[in-house]
Amino acid sequence: MTPDRILRSLIVCFGLAVMTLPVQAADLSPEMRGQIEAVVKSYLLKNPEIIRDASAVLAAREEAEKAAAVAKALAGSREALERDPGSPVGGNPRGDVTVVEFFDYNSGYCKRVAPSVTALVAADRGVRLVYKEFPILGPTSLLGAKAALAAQRQGKYVAFHEALFELPEISDATLKDLSGRLGLDHARLVKDMQDPAIAAQIARDHELARSLDINGTPGFVIGNRLIPGAVETAVLQQIVNEERAAAKARK
């Protein structure tokens with residue numbers, strides 16, 4: 001940082017600090033306080049870019065603080081994220097990198113990213129994929145989530161999950177048709193959907209998402225990184241590679 005930049009920062013910080021103090025709490029006379037405020041105001045008017053610089057520094061600091069908070073939250077939720085026995089697992093169950101996805105079957109962004117996730121698992125045999133049902137877009141989203149978890153009990157979760165994203169709509173009729181196409185016992189599926197254990201699983205996933213400040217779908221957790229939104233296969237693969245390298249470096 002140049003001497004001029006340092007001087008600018010000192011003037012702004014000192015001036016703002018003085019302006020935020022009540023007069024009776026500052027060791028300054030009203031006259032001196034007024035003079036300082038005038039100097040600061042004049043300087044800022046002549047050098048408005050300093051406000052931009054200060055905003056950039058503040059944004060960087062807030063971003064760093066947010067990243068630290070996310071890392072701490074992820075560390076405290078690792079078991080629930082990666083090892084919840086009720087969460088379906090795809091890819092390689094013994095993979096060296098775990099990718100966790102929170103999704104909603106009615107989300108256009110989730111539909112868009114679904115082929116990227118499938119491609120990642122197909123291309124990288126070291127990826128372990130954990131599915132987290134996060135139905136936040138209405139009753140049919142919840143209907144789809146319950147049906148998918150019920151399909152898991154018949155060993156057809158992944159196929160059912162991927163097919164749900166291709167349905168034009170989720171309804172009792174489309175679920176029945178899907179069950180038939182995938183060879184599931186639909187009567188059993190409907191019965192299992194009513195099991196309180198499935199509702200409890202969805203509630204746990206929902207609470208976990210909220211604890212990590214995941215408010216939309218899709219949301220990915222890969223290692224110590226939280227990735228919101230739809231991303232391409234190449235981006236997912238790059239992050240997986242980086243987390244794999246970081247894990248090896250820690251050994």
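The values are calculated or read from the model by the stated rules, or taken from the named source; none is laboratory data. For clarity, every value in this text was computed on a predicted model and none was experimentally measured. FYI the Cβ positions are ideal-geometry reconstructions off the backbone, even for glycines, and counts take in every protein chain you see.
A few notes on this one:
- Qualifying residue in the range 136-143 (condition: surrounded by 19 or more Cβ atoms within 10 Å (Cβ to Cβ), in contact with a Ser or Thr (Cβ under 6 Å, 6 or more places away or on another chain), in contact (Cβ under 8 Å) with a residue 12 or more places away in the chain and of a type in the set (A, V, I, L, M, F, W, C)): no
- Verdict on L208 being more than 17 Å from V113 (Cα to Cα) and within 18 Å of the chain's Cα centre (by Cα): yes
- Scanning the range 148-165 for any residue that is within 17 Å of H206 (Cβ to Cβ), more than 19 Å from the chain's Cα centre (by Cα) and surrounded by 22 or more Cβ atoms within 10 Å (Cβ to Cβ) turns up at least one such residue.
- Within the range 91-125, the residues that satisfy the criterion of being under 25 Å from S171 (Cα atoms) and in a strand (DSSP E or B) are E101, F102, F103.
- Of everything in the range 183-193 that is among the aliphatic types (A, V, I, L, M) and surrounded by 14 or more Cβ atoms within 10 Å (Cβ to Cβ), the residue that is nearest to R250 (Cα to Cα) is M193.
- Meets criteria (over 38 Å from the mean Cα position of the chain (by Cα), among the small types (G, A, S), surrounded by 10 or more Cβ atoms within 10 Å (Cβ to Cβ) and at pLDDT 75 or above) for S42: yes
- The residues of the range 194-251 that are surrounded by 13 or more Cβ atoms within 10 Å (Cβ to Cβ), part of a loop (DSSP other than H, G, I, E, B) and not small (G, A, S), listed by number, are D195, L212, D213, I214, T217, P218, N224, V231, E232.
- Contact map, the range 178-201: first residue under 21 Å from P168 (Cβ atoms) and modelled with pLDDT of 95 or more, second residue assigned to a helix (DSSP H, G or I) and of a type in the set (D, E, K, R), Cβ cut-off under 6 Å, separation 6 or more or different chains; pairs are H186/K176; M193/K146.
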